[in-house]
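Taken together, the values in this text are just the output of simple stated rules run on the coordinates, not laboratory data. No experiment lies behind these values; they were computed from the predicted model shown. A quick note on method: Cβ atoms are made from the backbone with ideal geometry, for glycine too, and the neighbour counts reach across all protein chains shown.
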Amino acid sequence: MKNLKIKKGQDLYKKAKKLIPGGNMLLSKRPEMFLPDFWPCYFSKSKGCVVWDLDKNKYIDMSIMGIGTNILGYGHSEVDKAVLRTVQDGNMSTLNCPEEVFLAEKLIELHPWAEMVRYARTGGEANAIAIRIARAATGRDKVAICGYHGWHDWYLATNLQDSKGLEEHLLTGLEPNGVPRNLKGSVYPFSVNNIEQLRKIVSENKLAAVKMEVQRSIPPYPGFLEEVKSLCSKNGIVLIFDECTSGFRENLGGKHLKFKVNPDLAMFGKAIGNGYAINAIIGKRKYMKNAEKTFISSTFWTERVGSVAALSTIKYMEKNKTFKKIIAQGKKIKNKWKELSIKYKIDLDIISMDSIPIFLFKTNHEIKKKFIINEMLKEGILASNIIYVSISHTDEILKYYFRKLDKIFHKLSIISKQNLEKEANKSLLLSHFKRMN
Ligand SMILES: Cc1ncc(COP(=O)(O)O)c(C=O)c1O
């Protein structure tokens with residue numbers, strides 16, 4: 001890519017760091033997660049899988065796609081049309097929006113085991129609601145978790161008991177500062193596919209809920225989810241599937257439908273609104289009714305755009321079987337990464353759901369990843385080692401991405417270890433400075 005100048009975004013982020021603690025609202029979108037000093041940081045426009053930064057540079061997004069929100073691509077015309085109509089007609093009023101009922105009907109139609117639905121705007125909130133319902137229903141406090149479930153006190157309390165509690169579920173070294181100390185001992189993490197660990201937790205504690213992602217990087221072994229379910233039902237524990245990320249990506253609904261294991265409650269987020277804020281908690285009536293026996297209520301959970309966007313997104317997914325395309329493109333990406341790794345003798349682990357493929361370098365992962373981000377950015381591509389596949393990732397886009405990645409892997413295969421770090425930091429710096437002068 002010629003004339004790449006990234007200045008306005010960098011300058012704005014410097015200002016943001018003085019005004020906004022942490023610089024922004026989401027860890028995964030911080031430039032520090034990519035290339036701190038060169039990442040474009042902000043967008044002015046997005047469409048399909050194309051993003052424009054503040055300096056009018058145009059990039060193909062082969063990375064987190066809004067962190068998995070935009071399965072139909074950015075600014076999808078059908079979803080946006082429905083949203084724009086809602087904005088024109090009014091998105092808020094003293095009365096409730098009918099679409100929240102229509103969406104509840106649709107979600108129950110797709111998940112016949114569920115009978116009732118509540119909404120929230122974020123995944124963290126939706127999980128906090130599900131936990132509150134489970135605690136209210138059982139009269140118990142303790143929960144076991146497996147996966148990432150948001151930022152709230154109930155979840156971060158895991159690290160009060162053991163500072164490494166969330167190491168394998170979220171991040172290392174997360175401080176539970178500000179989380180009430182008396183929540184210590186209320187959350188017990190267990191590892192993916194470790195039924196014995198969960199059995200031990202259940203035998204030693206009276207749990208209100210087991211909350212887990214049905215699949216993230218590692219799929220459940222055949223029978224694992226059934227074993228968890230049976231353990232829960234024998235012990236009066238509410239089983240909650242967190243499908244914030246796995247839901248509506250590889251099938252029309254929760255991924256648990258594919259595994260043929262139904263929980264007591266499930267929640268969806270990310271993909272269901274194609275970029276508009278909406279999360280849903282669905283569940284069996286006998287549990288969901290407990291939402292009436294506690295206080296769960298919020299102004300913006302009634303806002304209309306979220307439900308409209310979800311109805312329109314799900315309608316489009318159903319009609320066009322988008323999940324088939326997503327899986328097909330994800331498989332192609334995994335295969336091509338494998339091919340490149342063989343061609344250039346670069347050892348990779350290729351993991352995760354087909355809809356969210358990830359590669360990990362077997363040696364010096366972090367610095368090699370940085371090298372890839374840097375080289376790709378120079379080519380006008382936002383990329384690291386993970387792709388949230390969307391339907392806008394067409395064969396043509398993949399071809400373009402892999403043409404560039406082939407060149408970059410070749411460069412990586414011949415570069416000496418000493419030069420790798422230098423290159424990762426230097427090359428963009430040069431083009432950056434050239435443009436600024
Ligand atoms: C499985 C899972 N649960 C919960 C969350 C939190 O969602 P949010 O960031 O909308 O609060 C996420 C977000 O990445 C997630 O992947």
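Considering only A128, F38, S28, the residue lying farthest towards the positive end of the dipole of the range 1-147 is F38, judged by Cα position with unit charges set on Cβ.
Label positions at L19 and I414, each projected 7 Å from the Cα along the C-beta direction, are separated by 4.6 nm. Take the Cβ atoms of Y344 and S191, set R0 to 35 Å, and the FRET efficiency comes out at 0.60. Quick check: the angle from helix 365-378's long axis to the longest principal axis of the chain, C-alpha only, nearest 10 degrees? Around 60 degrees separate the two axes.
Rounded to the nearest 20, the Cβ-based charge dipole of the range 12-118 about its Cα centre (Lys and Arg +1, Asp and Glu -1) stands at 720 debye.
Rounded to the nearest 20, the Cβ-based charge dipole of the chain about its Cα centre (Lys and Arg +1, Asp and Glu -1) stands at 1100 debye. Out of L95, N374, L174, whose Cα points farthest toward the positive end of the dipole of the chain (charges: +1 Lys, Arg; -1 Asp, Glu; placed on Cβ)? Value computed over the given set: N374. Axis angle, to the nearest 10 degrees, between helix 8-19 and the longest C-alpha principal axis of the chain: 40 degrees. Extension gain, N235 to E105: 0.36 nm times the residue separation minus the Cα-Cα distance gives 43.7 nm. For the range 195-295, DSSP calls about 35 percent of its internal beta bridges antiparallel. A Cβ-based charge dipole, computed about the Cα centre of the range 72-193 with Lys and Arg at +1 and Asp and Glu at -1, lands at about 440 debye. In this rough spin-label picture, where each label sits 7 Å from Cα along the Cβ direction, the K260-F43 distance is 3.9 nm.
Relative to the current alpha-carbon distance between K321 and E204, full extension at 0.36 nm per residue lengthens the span by 37.6 nm.
Projected label points at S93 and I67, each 7 Å from Cα along the beta carbon direction, are separated by 3.4 nanometres. Please work out the C-alpha center-to-center distance from the range 318-353 to the range 224-259 and express it in whole Å. First find each Cα centre; the distance between them is then 25 Å.
Using Cα pairs closer than 8 Å and at least 6 residues apart in sequence, work out the relative contact order for the chain, in percent.
After rounding, I find 21 percent.
Counting 0.36 nm for each residue step from K407 to N364 and taking away their Cα separation leaves a gain of 13.5 nm.
Any chance you could list the semi-axes, whole Å, largest first, of the equivalent ellipsoid that the Cα gyration tensor gives for the range 107-191, using √(5λ)?
Here the semi-axes work out to 25, 14, 12 Å.
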